[in-house]
Amino acid sequence: MKWFFKRRATLNAAISRRLAQLPTALSEMELSERLVVVDVEATGLNTRKDNILAIGAVAVERGGMALNDTFYCVLNREHPVNDTVLIHRLGPETLAQGVSVEEGLLAFLEFVGAAPLFAFHAPFDEQLLLRECKQHLHHRLNHVFVDVAQMAPLLMQQPLVDATLDHWLGVLNLPMLARHNALEDAYATAKMLLILLRQAQTAGITELQQLKTALKRQLQHAQPAMF
């Protein structure tokens, strides 16, 4: 009996060198240090089969964000026009002008550096990025991901419920501008994160590990008791 295995595409030498130069992701740090807010636009909501079309990211540090410390790229992928494409304004012409999947993912990793990643409904972004980095770069993404959607009720002392980004922008009196662009959504989430980080500091949460512990405890308290 013969077994056939699908061979992974070989990365070119330049990409391999750049991957080797990526720093080790930080797991312990002060929350006042550089953090990266990320948002991805994808072909759909299935993290096992849908693909990333665009990545937007904004860095925050010491209570503010620098407009020159941002990242945005569209990936060159063939994808039929559907509701997702129309909502995110990523038609065939726009995608055709994008960078290769490998270059886009690697450039994003270089932008992030060692910083932890924050996102609204972070598991979606995390699972897509994990799969795509493994598939296209043969790279294991080891960065800490923090869900801003979970941070908000913790630090605003509200029940842990599934709410939209627009909901929390309204609660925090932040303007709800026209979005559905990865960078615009990352920017809106970053503004929300800055308010939450100030709340965290007031609550005595100043380190990443403290925040992770508080979020884990929050989830445990939200789970129904088992009898």
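The values are calculated or read from the model by the stated rules, or taken from the named source; none is laboratory data. Just so it is clear, the model here is predicted, and its values are computed rather than measured. Because the Cβ atoms are built from the backbone with ideal geometry, glycine has one as well, and the counts that use them run over all protein chains shown.
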Self-check item: Residues satisfying the stated conditions in the stretch 145-199, i.e. of a type in the set (A, V, I, L, M, F, W, C) and touching a strand residue (DSSP E or B) at 6+ places or on another chain (Cβ under 7 Å)
Solution: Phe145, Val146, Val148, Ala182, Leu183, Ala186, Ala190, Leu193, Leu194
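Do we find that Thr70 is at pLDDT 95 or above, of a type in the set (Ser, Thr, Tyr) and within 14 Å of the chain's Cα centre (by Cα) in this structure?
Here the answer is yes, as Thr70 does meet what is asked.
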Self-check item: Condition met for Gly56 (at pLDDT 95 or above and in a helix (DSSP H, G or I))
Solution: no
Quiz item: Restricting attention to the stretch 180-201, does a residue exist that is in contact with a helix residue (DSSP H, G or I) (Cβ under 9 Å, 6 or more places away or on another chain), more than 25 Å from Glu33 (Cα to Cα), of a type outside the set (Asp, Glu) and part of a helix (DSSP H, G or I)?
Solution: no
Quiz item: Is the stretch 40-47 home to any residue that is farther than 15 Å from Leu106 by Cβ, of a type in the set (A, V, I, L, M, F, W, C), surrounded by 16 or more Cβ atoms within 10 Å (Cβ to Cβ) and modelled with pLDDT under 95?
Solution: yes
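Just one of Ala66, Ala42 is more than 18 Å from Ala200 (Cα to Cα), of a type in the set (Gly, Ala, Ser) and out of contact with any helix residue (DSSP H, G or I) (no Cβ under 9 Å at 6 or more places or on another chain); which is it? It would help to see each step written out before you state the result.
On the way: Ala42 fails: out of contact with any helix residue (DSSP H, G or I) (no Cβ under 9 Å at 6 or more places or on another chain).
Of the residues listed, the single one that is more than 18 Å from Ala200 (Cα to Cα), of a type in the set (Gly, Ala, Ser) and out of contact with any helix residue (DSSP H, G or I) (no Cβ under 9 Å at 6 or more places or on another chain) is Ala66.
In the stretch 81-139, how many are part of a helix (DSSP H, G or I) and at pLDDT 95 or above?
The number of residues fulfilling the criteria is 28.
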Quiz item: Quick check, is Met151 under 24 Å from Met29 (Cβ atoms), touching a residue at least 24 places away in the same chain (Cβ under 8 Å) and surrounded by fewer than 16 Cβ atoms within 10 Å (Cβ to Cβ)?
Solution: no
